[in-house]
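Q: This structure is in structure tokens; I'll ask about it shortly.
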Amino acid sequence: MMRLEGKTALVTGGARGIGRAICEAYAREGAQVAVADLLGEDAEETATALNGLGLQMDVTDPASIAAGVAKVEEAFGGIDILVNNAGIFNMGPIEEVTVEDYRRQYDVNVGGTIFAIQAVVPGMKKRGGGAIINFSSQAGRRGEPNIVIYCSTKAAVISITQSLALELAKDNIRVNAIAPGVIDTPMWDTVDSLFAKYENREPGEKKRLVGKAVPLGHMGRPDEVADPCVFLASDDARYITAQTLNVDGGNWMS
């Protein structure tokens, strides 16, 4: 039996990279999948490939989130699984930090997580429970130079996960998080270019070095994050809540 058969999942940032891999894995395990992304056409393309529902969603706008959740509930009857995967990255020394960048990263990485959960919880309570998976990062486990805003947003996601897991446990809603390490997605091309700028490196050098430094010897693939995401959404993880699972090839031990 497929582990998510009969379940409906909403995945934010689901059109590309890790998000798309999660959507594909959920569909293989029998879930109905709603693919939400700021890139509406990409969301539709991914959803069509999976016989799911594509949604243009801006996670910085609670009204956009609420409208998307209403469409999923209308199409599929409710939401059993929420994956808060939408996120953005930027970096720079403290002298270059701007209010605009601070607000944007917090609005997406932190506010998007909180308000997506807020939108799905009433329906989950009516259905007798659910599973929520938030995306932190190894950067939320430790500080890193020139990445003060991003690291702090991902540390906040861990705290949000713990607090809401305790708050929602009585409603049979489990809340966990995944902290990926360095994962080979198109986003890493942008990350690499920023490291090249601020660490005076050649293009591609940082990506090569971080992959080599992973104890398992390589950068992770999106599917290597998606599979643990299936586990946390399934009944196999029915006694697990308030945890942040490191999926990083051994980069961080806790």
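Q: Can you name the condition, by its number, that R174 falls short on among (1) under 30 Å from T98 (Cβ atoms); (2) within 18 Å of the chain's Cα centre (by Cα); (3) charged (D, E, K, R)?
A: Condition not satisfied by R174: (1).
Q: Among the residues of the range 133-147, are any part of a helix (DSSP H, G or I), hydroxyl-bearing (S, T, Y) and either within 18 Å of G13 (Cβ to Cβ) or modelled with pLDDT of 95 or more (or both)?
A: Checked against the condition, which is being part of a helix (DSSP H, G or I), hydroxyl-bearing (S, T, Y) and either within 18 Å of G13 (Cβ to Cβ) or modelled with pLDDT of 95 or more (or both), the range 133-147 yields no hits at all.
Q: Based on what the data block shows, is D223 under 30 Å from G6 (Cβ atoms) and not in a loop (DSSP other than H, G, I, E, B)? Show your work before the answer.
A: Working: under 30 Å from G6 (Cβ atoms): yes; not in a loop (DSSP other than H, G, I, E, B): yes.
Against the criterion (under 30 Å from G6 (Cβ atoms) and not in a loop (DSSP other than H, G, I, E, B)), D223 qualifies.
Q: While we're looking at this one, here's another question. When you scan the range 222-254, how many residues do you find that are without any contact (Cβ under 8 Å) to a residue 40 or more places away in the chain and either more than 20 Å from I132 (Cβ to Cβ) or among the charged types (D, E, K, R) (or both)?
A: Summing the residues that are without any contact (Cβ under 8 Å) to a residue 40 or more places away in the chain and either more than 20 Å from I132 (Cβ to Cβ) or among the charged types (D, E, K, R) (or both) in the range 222-254 gives 2.
The values are calculated or read from the model by the stated rules, or taken from the named source; none is laboratory data. The structure displayed is predicted, hence computed values, not measured ones. When we count neighbours, we look across all protein chains shown, and the Cβ atoms used for this are built from the backbone with ideal geometry, even at glycine.
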